[in-house]
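Comments concern the structure below.
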Amino acid sequence: MVDSAVVLHGQTIAYTAYSLVILSLMAWFALRITRSKAGSPVSKGLFYAWVVFLVVLGVSLHIATAKTIPWKEMDLHRAHIKPDKVFNITVEDHRFILPADTLYIDVNDKVLFDVTSNDLTYGFGLFRKDHSMLFQMQVVPGHRNDILWHFVNPGVYTIRSTEYSGPKGIDMILKDVVVVR
(Lines give C-alpha, C1' and ligand atoms only; values in the text may rest on other atoms or scores of the structure.)
Protein backbone atom coordinates (compact mmCIF):
# COMPACT_ATOMS: atom_id res chain seq x y z
CA MET A 1 0.00 0.00 0.00
CA VAL A 2 1.27 3.47 -0.85
CA ASP A 3 1.74 5.77 2.11
CA SER A 4 -1.05 8.32 2.48
CA ALA A 5 1.51 11.17 2.58
CA VAL A 6 2.58 10.31 -0.99
CA VAL A 7 -1.05 10.28 -2.11
CA LEU A 8 -1.70 13.63 -0.44
CA HIS A 9 1.34 15.19 -2.10
CA GLY A 10 0.40 13.90 -5.56
CA GLN A 11 -3.22 14.94 -5.24
CA THR A 12 -2.20 18.37 -3.97
CA ILE A 13 -0.19 18.94 -7.13
CA ALA A 14 -2.90 17.57 -9.44
CA TYR A 15 -5.79 19.48 -7.90
CA THR A 16 -3.79 22.69 -7.57
CA ALA A 17 -3.04 22.53 -11.30
CA TYR A 18 -6.71 21.85 -12.03
CA SER A 19 -7.77 24.80 -9.85
CA LEU A 20 -5.34 27.07 -11.70
CA VAL A 21 -6.85 25.99 -15.03
CA ILE A 22 -10.34 26.82 -13.71
CA LEU A 23 -9.11 30.20 -12.45
CA SER A 24 -7.65 30.88 -15.89
CA LEU A 25 -11.13 30.46 -17.39
CA MET A 26 -12.54 32.90 -14.87
CA ALA A 27 -9.75 35.43 -15.52
CA TRP A 28 -10.10 35.11 -19.29
CA PHE A 29 -13.87 35.55 -19.10
CA ALA A 30 -13.56 38.59 -16.79
CA LEU A 31 -10.94 40.16 -19.03
CA ARG A 32 -13.07 39.70 -22.14
CA ILE A 33 -16.16 41.15 -20.47
CA THR A 34 -14.37 44.22 -19.11
CA ARG A 35 -12.57 44.95 -22.39
CA SER A 36 -15.55 44.41 -24.69
CA LYS A 37 -16.77 47.50 -26.50
CA ALA A 38 -19.70 46.13 -28.49
CA GLY A 39 -21.27 42.83 -29.38
CA SER A 40 -20.63 39.52 -27.68
CA PRO A 41 -17.62 39.80 -25.36
CA VAL A 42 -16.81 36.10 -25.57
CA SER A 43 -17.27 33.71 -28.46
CA LYS A 44 -19.90 31.17 -27.40
CA GLY A 45 -18.11 28.36 -29.20
CA LEU A 46 -14.80 29.09 -27.51
CA PHE A 47 -16.45 29.51 -24.12
CA TYR A 48 -18.32 26.19 -24.33
CA ALA A 49 -15.25 24.41 -25.69
CA TRP A 50 -13.29 25.59 -22.65
CA VAL A 51 -16.07 24.48 -20.27
CA VAL A 52 -16.22 21.04 -21.94
CA PHE A 53 -12.42 20.81 -21.65
CA LEU A 54 -12.64 21.59 -17.90
CA VAL A 55 -15.36 18.98 -17.37
CA VAL A 56 -13.39 16.30 -19.24
CA LEU A 57 -10.21 17.26 -17.38
CA GLY A 58 -11.99 17.22 -14.00
CA VAL A 59 -13.67 13.86 -14.56
CA SER A 60 -10.40 12.38 -15.87
CA LEU A 61 -8.54 13.73 -12.85
CA HIS A 62 -11.07 12.19 -10.47
CA ILE A 63 -10.91 8.82 -12.25
CA ALA A 64 -7.09 8.86 -12.31
CA THR A 65 -6.73 9.83 -8.67
CA ALA A 66 -9.32 7.27 -7.54
CA LYS A 67 -6.78 4.60 -8.51
CA THR A 68 -4.16 6.21 -6.25
CA ILE A 69 -6.15 5.84 -3.05
CA PRO A 70 -4.15 3.07 -1.34
CA TRP A 71 -6.86 1.75 0.97
CA LYS A 72 -9.61 1.58 -1.67
CA GLU A 73 -8.96 -1.97 -2.88
CA MET A 74 -8.58 -3.31 0.63
CA ASP A 75 -11.76 -1.57 1.74
CA LEU A 76 -13.75 -2.90 -1.22
CA HIS A 77 -12.65 -6.48 -0.48
CA ARG A 78 -12.44 -6.29 3.30
CA ALA A 79 -15.07 -9.01 3.78
CA HIS A 80 -12.52 -11.49 2.40
CA ILE A 81 -9.50 -10.12 4.28
CA LYS A 82 -8.52 -11.59 7.63
CA PRO A 83 -6.64 -8.98 9.67
CA ASP A 84 -3.32 -9.97 11.22
CA LYS A 85 -4.24 -8.07 14.39
CA VAL A 86 -7.41 -6.61 15.86
CA PHE A 87 -7.36 -3.84 18.45
CA ASN A 88 -10.60 -3.23 20.33
CA ILE A 89 -10.57 0.33 21.60
CA THR A 90 -13.23 2.04 23.71
CA VAL A 91 -13.81 5.76 23.93
CA GLU A 92 -15.77 7.35 26.76
CA ASP A 93 -15.64 10.42 28.95
CA HIS A 94 -13.09 11.98 26.55
CA ARG A 95 -10.58 9.12 26.96
CA PHE A 96 -9.26 6.40 24.69
CA ILE A 97 -9.13 3.05 26.48
CA LEU A 98 -6.59 0.83 24.71
CA PRO A 99 -6.13 -2.92 25.15
CA ALA A 100 -2.46 -2.28 26.09
CA ASP A 101 -0.26 0.70 26.92
CA THR A 102 1.45 0.38 23.53
CA LEU A 103 -0.01 -1.24 20.42
CA TYR A 104 2.75 -3.13 18.59
CA ILE A 105 2.34 -3.87 14.91
CA ASP A 106 4.68 -5.66 12.50
CA VAL A 107 5.47 -4.12 9.11
CA ASN A 108 3.09 -5.54 6.45
CA ASP A 109 0.41 -6.37 9.03
CA LYS A 110 -3.19 -5.67 8.17
CA VAL A 111 -4.71 -4.28 11.35
CA LEU A 112 -8.35 -3.77 12.24
CA PHE A 113 -9.02 -0.94 14.69
CA ASP A 114 -12.48 -1.60 16.15
CA VAL A 115 -13.42 1.52 18.10
CA THR A 116 -16.54 1.84 20.26
CA SER A 117 -17.90 5.05 21.78
CA ASN A 118 -20.00 4.74 24.90
CA ASP A 119 -21.18 8.34 25.05
CA LEU A 120 -20.34 10.95 22.35
CA THR A 121 -19.20 11.17 18.76
CA TYR A 122 -15.41 11.20 18.65
CA GLY A 123 -12.74 10.88 16.02
CA PHE A 124 -10.01 8.29 15.86
CA GLY A 125 -6.89 9.26 13.94
CA LEU A 126 -3.32 8.01 13.70
CA PHE A 127 -0.73 10.75 13.26
CA ARG A 128 2.94 10.65 12.31
CA LYS A 129 5.77 12.34 14.24
CA ASP A 130 5.49 15.38 11.93
CA HIS A 131 1.78 15.68 12.94
CA SER A 132 0.50 14.65 9.50
CA MET A 133 -2.38 12.23 9.55
CA LEU A 134 -2.00 8.60 8.45
CA PHE A 135 -5.75 7.92 8.64
CA GLN A 136 -8.83 8.84 10.62
CA MET A 137 -12.43 7.84 11.09
CA GLN A 138 -15.47 9.11 12.92
CA VAL A 139 -16.58 7.12 15.97
CA VAL A 140 -20.35 7.27 16.49
CA PRO A 141 -22.03 5.68 19.52
CA GLY A 142 -24.33 2.78 18.69
CA HIS A 143 -22.70 2.08 15.31
CA ARG A 144 -19.91 -0.12 14.01
CA ASN A 145 -16.75 1.99 13.81
CA ASP A 146 -13.75 0.18 12.40
CA ILE A 147 -10.98 0.73 9.96
CA LEU A 148 -8.69 -1.81 8.33
CA TRP A 149 -5.18 -0.55 7.59
CA HIS A 150 -2.14 -2.13 5.98
CA PHE A 151 1.06 -0.85 7.59
CA VAL A 152 3.93 -0.91 5.07
CA ASN A 153 6.47 1.31 6.83
CA PRO A 154 7.88 1.24 10.35
CA GLY A 155 7.02 4.19 12.54
CA VAL A 156 5.66 5.49 15.80
CA TYR A 157 2.20 7.02 15.78
CA THR A 158 0.03 9.13 18.06
CA ILE A 159 -3.70 8.61 18.49
CA ARG A 160 -5.83 11.76 18.46
CA SER A 161 -9.50 12.53 18.37
CA THR A 162 -10.32 14.19 15.06
CA GLU A 163 -13.86 15.30 15.97
CA TYR A 164 -15.03 18.09 18.22
CA SER A 165 -16.54 16.49 21.32
CA GLY A 166 -16.60 19.49 23.63
CA PRO A 167 -13.86 21.43 25.43
CA LYS A 168 -12.41 18.30 27.04
CA GLY A 169 -11.79 16.80 23.59
CA ILE A 170 -8.67 18.90 23.09
CA ASP A 171 -6.79 16.62 25.50
CA MET A 172 -7.66 13.41 23.63
CA ILE A 173 -4.09 12.66 22.53
CA LEU A 174 -2.11 9.53 23.28
CA LYS A 175 1.47 10.16 22.17
CA ASP A 176 3.59 7.43 20.61
CA VAL A 177 1.26 4.55 21.53
CA VAL A 178 1.24 2.75 18.17
CA VAL A 179 4.59 1.26 17.18
CA VAL A 180 5.08 -0.37 13.78
CA ARG A 181 8.32 -2.36 13.64
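The values are calculated or read from the model by the stated rules, or taken from the named source; none is laboratory data. These figures come from a predicted structure and were not determined experimentally. Note: ideal-geometry Cβ built from the backbone for every residue, glycine included; neighbour counts use all protein chains shown.
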| Members of segment 140-181 found to be part of a loop (DSSP other than H, G, I, E, B) and of a type in the set (A, V, I, L, M, F, W, C), listed by number | Val140, Phe151, Val152, Met172
| field | Asp130 free of Cβ contacts under 8 Å to residues at least 40 places away in the same chain, assigned by TED's automatic domain parsing to the domain that holds Arg160, within 21 Å of Val7 (Cβ to Cβ) and not aromatic (Phe, Trp, Tyr) | value | yes
| request: Identify all residues within segment 87-105 that are out of contact with any Phe, Trp or Tyr (no Cβ under 8 Å at 6 or more places or on another chain), over 15 Å from Ser165 (Cβ atoms), touching a residue at least 24 places away in the same chain (Cβ under 8 Å) and not aromatic (Phe, Trp, Tyr); write none if there are none. | output: Asn88, Asp101, Thr102
| message | Looking at Tyr15, Tyr104, can you tell me which residue is of a type in the set (Ser, Thr, Tyr) and assigned by TED's automatic domain parsing to the domain that holds Lys168? | response | Tyr104
| Counting just the residues of segment 149-175 that are surrounded by fewer than 17 Cβ atoms within 10 Å (Cβ to Cβ) and among the hydrophobic types (A, V, I, L, M, F, W, C), which one comes out farthest from Lys110 (Cα to Cα)? | Ile170
| field | Qualifying residue in segment 133-143 (condition: buried (at least 17 other Cβ atoms within 10 Å of the Cβ) and either among the β-branched types (Val, Ile, Thr) or farther than 22 Å from Leu8 by Cα (or both)) | value | yes
| task | Quickly run through segment 96-105 and pick out the residues that are of a type outside the set (Ser, Thr, Tyr) and surrounded by fewer than 15 Cβ atoms within 10 Å (Cβ to Cβ). | result | Ile97, Pro99, Ala100, Asp101
| Does Leu112 count as closer than 22 Å to Arg160 by Cα, out of contact with any Lys or Arg (no Cβ under 6 Å at 6 or more places or on another chain), among the hydrophobic types (A, V, I, L, M, F, W, C) and touching a residue at least 60 places away in the same chain (Cβ under 8 Å)? | no
| Just checking, which of Asp119, Asp146 is in contact with a strand residue (DSSP E or B) (Cβ under 6 Å, 6 or more places away or on another chain), of a type outside the set (Gly, Ala, Ser), free of Cβ contacts under 8 Å to residues at least 40 places away in the same chain and exposed (fewer than 12 other Cβ atoms within 10 Å of the Cβ)? | Asp119
| said: So, in segment 68-95, exactly how many residues are among the charged types (D, E, K, R), part of a loop (DSSP other than H, G, I, E, B) and either surrounded by 14 or more Cβ atoms within 10 Å (Cβ to Cβ) or not assigned by TED's automatic domain parsing to the domain that holds Asp119 (or both)? | reply: 1
| Condition check for Leu112: surrounded by 12 or more Cβ atoms within 10 Å (Cβ to Cβ), in contact with a helix residue (DSSP H, G or I) (Cβ under 9 Å, 6 or more places away or on another chain) and not in a loop (DSSP other than H, G, I, E, B) | yes
